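A.B. asks: Quick one: structure below, then a few questions.
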Amino acid sequence: MLRSRHLLGLDGMQPGEITLLLDTARTFREILERPIKRVPTLQGKTVVNLFFEPSTRTRISFELAEKRMSADIVNFSASTSSVKKGESLIDTVKNIEAMKINMVVVRHSSPGAAHLLSKVIDANIINAGDGGHEHPTQALLDMMTIREKFGKLDGLTVALVGDISHSRVALSNIYGLTTMGARVLVCGPSTLIPRHIERLGVEVYHNIDDIIPRVDVMNILRLQLERQESGLFPSLREYHNYFGITPERLEKAEKPIMIMHPGPMNRGLEISSHVADSEHSVILEQVTNGIALRMAVLYLLSGGQSEIQ
């Protein structure tokens, strides 16, 4: 059983809880391979997708997961809501809760937004990304994909490459992977790696060629192009030259490296098309696993006692 009725982040989550989520997701992945992919496990439940930031993969993935489980769905868009008139986040959510909903999937630009909602309404809260804080379902689907390939997480060496400072994906992966016994390396320009991140149990590198011979998995993070205006690195070309993942770089590996990317990708910048589309890339598997993992989260937070058919 999960200790919390919300999924706010992976910080503090126990190994047994992560294992339960991944095992349950594997069951739902089998359901997605059936001709009829719908199960009645959330029939009668109403889920609100509360997105205050743009999203493609995460939002569609949650919507499909909810539909596959027969939930009633309400999609909220900040651009067409009373938020544009000045309504606060708490007032918005309390008004939605008054319509008798059961679960809220929330993405917001402010770190801690999901935690705040969990304290003011009774519905289950699922964090779909809160600012630069956490993105727990992305990290869980990443771990699911790694475990499918290697059969384990404990003892593997996983590198997170790129803009670590501004990545909620990186933080959730660090929490989850270290909890499950993986060795985690972070690699990128010093301006894009937080000070004292070693305290989270990771190793820091600034030369991509140093880590390639050492890793089993590379999770390549999107270079947030808006950061270029802040002068955190000299140019996009220089970033690609020093940190871009190319076939030539991967030739230095002593064994094939599993290539991951949470999307959206900047092809030709942090990752070359040849690498993204190679046989060692599991980027599309991550997308498929995202639906199964989010089905597992919805199932377990809703009570998860009925048999999955």
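A.B. asks: Rg/Rh for region 1-153 to two decimals, with Rh computed the Kirkwood way over all alpha-carbon pairs.
C.D. replies: Working: Rg = 15.9 Å, Rh = 16.4 Å.
The Rg/Rh ratio comes out at 0.97.
A.B. asks: Can you give me the angle between helix 57-68 and the longest principal axis of the chain, using Cα atoms only, in degrees from 0 to 90, rounded to the nearest 10?
C.D. replies: 40
A.B. asks: With a cut-off of at most 10 other beta carbons within 10 Å, and DSSP calling the residue loop, which trypsin sites (Lys or Arg not before Pro) in region 90-129 qualify? Please list them. Don't skip to the answer; put the middle values down first.
C.D. replies: Working: sites: Lys94, Lys100, Arg107, Lys119; in loops: Lys100.
Answer in residue order: Lys100.
A.B. asks: Return Ser61, Ser118 ranked ascending by Cβ neighbour count within 10 Å, so the fewest neighbours appear first.
C.D. replies: Working: Ser61 24, Ser118 21.
Placing the least packed residue first, the sequence is Ser118, Ser61.
A.B. asks: So, one more: Using Cα-only point scatterers and the Debye equation, what is log10 of I(q)/I(0) for the chain at each q in 0.07, 0.16 Å⁻¹, rounded to two decimals?
C.D. replies: -0.27, -1.33
A.B. asks: Can you tell me the orientation of helix 15-32 relative to the chain, as the angle in degrees between its alpha-carbon axis and the longest Cα principal axis, to the nearest 10?
C.D. replies: Between the helix axis and the principal axis of the chain, the angle is about 80 degrees.
A.B. asks: Ranked highest first by average number of other Cβ atoms within 10 Å, how do 26-37, 200-211, 128-139 line up?
C.D. replies: Values: 26-37: 13.2, 200-211: 15.6, 128-139: 24.8.
Listed from highest to lowest mean packing, they are 128-139, 200-211, 26-37.
A.B. asks: Another question, then. Across region 149-239, how large is the tail of the calculated P(r) beyond 17 Å, expressed as a percent of all Cα pairs? Show your work: numbers first, answer last.
C.D. replies: Details: 1908 of 4095 pairs.
So the portion of pairs separated by more than 17 Å is 47 percent.
A.B. asks: Could you tell me how many degrees, from 0 to 90 and to the nearest 10, lie between the Cα long axis of helix 136-150 and the main elongation axis, the longest principal axis, of the Cα atoms of the chain?
C.D. replies: So the inclination is approximately 60 degrees.
A.B. asks: Calculate the radius of gyration of the Cα atoms of region 68-160 to one decimal place, then report Dmax, the largest Cα-Cα distance, as a whole number, both in Å.
C.D. replies: In order Rg, Dmax, the Cα atoms of region 68-160 give 16.7, 51 Å.
A.B. asks: Based on the Kirkwood radius over alpha-carbon pairs, what is the Stokes-Einstein translational diffusion coefficient of region 91-222 at 4 °C with 1.567 mPa s viscosity, in µm²/s?
C.D. replies: Rounded, D is 81 µm²/s.
A.B. asks: As an exercise, find the ratio Rg/Rh for region 193-309 from alpha-carbon atoms, using the Kirkwood inverse-distance average for Rh. Before the final figure, lay out the partial values.
C.D. replies: Values: Rg = 17.6 Å, Rh = 16.6 Å.
Reported Rg/Rh, Kirkwood definition of Rh: 1.06.
A.B. asks: Rank-order 248-256, 182-190 by packing density, defined as the average count of other C-beta atoms within 10 Å over each peptide's residues, highest first.
C.D. replies: On the way: 248-256: 12.1, 182-190: 21.0.
Going by the mean number of other Cβ atoms within 10 Å, highest first, we get 182-190, 248-256.
Here, each number is a calculation from the coordinates, and none is a lab measurement. These numbers come from a predicted model, not from an experiment. When we count neighbours, we look across all protein chains shown, and the Cβ atoms used for this are built from the backbone with ideal geometry, even at glycine.
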